[in-house]
1. What is the total of Lys pairs in segment 150-248 with C-alpha atoms under 27 Å apart, excluding same-chain pairs fewer than 8 positions apart?
2. Helix-only estimate, please: 222 nm mean residue ellipticity of the chain, summing -39500 (n - 2.57) across DSSP H runs of length 4 or more and dividing by its residues, to the nearest 500.
3. If you filter segment 37-117 for trypsin sites (Lys or Arg not before Pro), then keep DSSP loop positions with at most 12 other Cβ within 10 Å, what is left?
4. In the calculated pair distance distribution of the chain, what percentage of Cα-Cα distances lie above 31 Å?
5. Please list, by residue number, every one of the chymotrypsin sites (Phe, Trp or Tyr not before Pro) in segment 88-122 that is coil in DSSP and has at most 14 other beta-carbon atoms within 10 Å.
6. Show me 200-210, 151-161 ranked by packing, highest mean number of other Cβ atoms within 10 Å first.
7. Dimensions of segment 37-159 along principal axes (Cα, Å, largest first)?
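Each reported figure results from applying straightforward, stated rules to the coordinates on display, with no laboratory input. All values derive from a computational prediction rather than experimental measurement. FYI the Cβ positions are ideal-geometry reconstructions off the backbone, even for glycines, and counts take in every protein chain you see.
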Amino acid sequence: MQKTDYNEIAASYNRRYKVNYLVNIENEIKNLIASNNYKNILEAGCGTGKWINALDNNNLSVFGLDYSFEMLKISKTNKSKLNLVNADAVYIPFKDNFFDLIFCVNAIHHFPDKEKFISESKRTLIGNGMLAIFGVDPHIDKEWYVYNYFDSVYENDLKRFPSLDYLKVILNKAGYEEIETKVIEKIYSKRIGTEVLNDPFLGKQQSSQLANLSDEEYERGITKIKNQIKQNSETVFKTSVIFYLTSARKTKEK
């Protein structure tokens, strides 16, 4: 399994949001900020800045952190007022007790040490501050046709993505309170036969699952799909993805 090179795919990354904008995730982030009156906010693994660019309230102090410099360059182009940092999420380069909210969207599986990220988030959050982790859990949701046609993709996702149960365990271990998980967004599509070949997420650079494959592995998967269509032109290719929010609060300082 290769590691996704986001510097390489940065230019095409935002195409995914033309297909699935994930508006419920955006609304939930805005709701967390408004309902808790958060001011200092960090997105860990902000990528091209889709989520922090949506936070256009001038009263907010918004920071974005990402390991990929090319992704950050696109974020800066989109909105120059953003405070962007090129760094690893497991070493958050900010002082203690600084942020009201730290969130990440479909990114924690890229962090090499999940527990260290949880610990660093707690260190840099104020008392009663919140950590909000948005993501999927292939351990319980695995109805994605890509898993059926590309060798080792599902097995690799089980290794990369922390399960919801594991997130709760490491949050509890780190001393967080009010740990909760809820469904935020459901994505469902059904493509028949050759329709699947028009799926943008079938492109090699449109998901880390496929980007992590070698060119030979990727082409073998495409060939399997095409051969299946030859055998049965009415083959159904389903995608059913659920995005969850796991949230937790740092203990309020007394």
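1. 27
2. On the way: 11 runs with 91 residues, N = 254.
Estimated from H runs of four or more residues: -10000 deg cm²/dmol.
3. Working: sites: Lys39, Lys50, Lys73, Lys76, Lys79, Lys81, Lys95, Lys114, Lys116; in loops: Lys39, Lys79, Lys81, Lys95.
For trypsin sites (Lys or Arg not before Pro) across segment 37-117 that sit outside H, G, I, E and B with at most 12 neighbouring Cβ atoms in 10 Å, the list reads Lys81, Lys95.
4. Numbers: 8160 of 32131 pairs.
Within the chain, distances greater than 31 Å cover 25 percent of Cα pairs.
5. Numbers: sites: Tyr91, Phe94, Phe98, Phe99, Phe103, Phe117; in loops: Tyr91, Phe94, Phe98.
Answer by residue number: Tyr91.
6. Working: 200-210: 18.5, 151-161: 16.0.
The densest-packed peptide leads the list: 200-210, 151-161.
7. Between the extreme Cα coordinates on each principal axis of segment 37-159 lie 47, 32, 24 Å.
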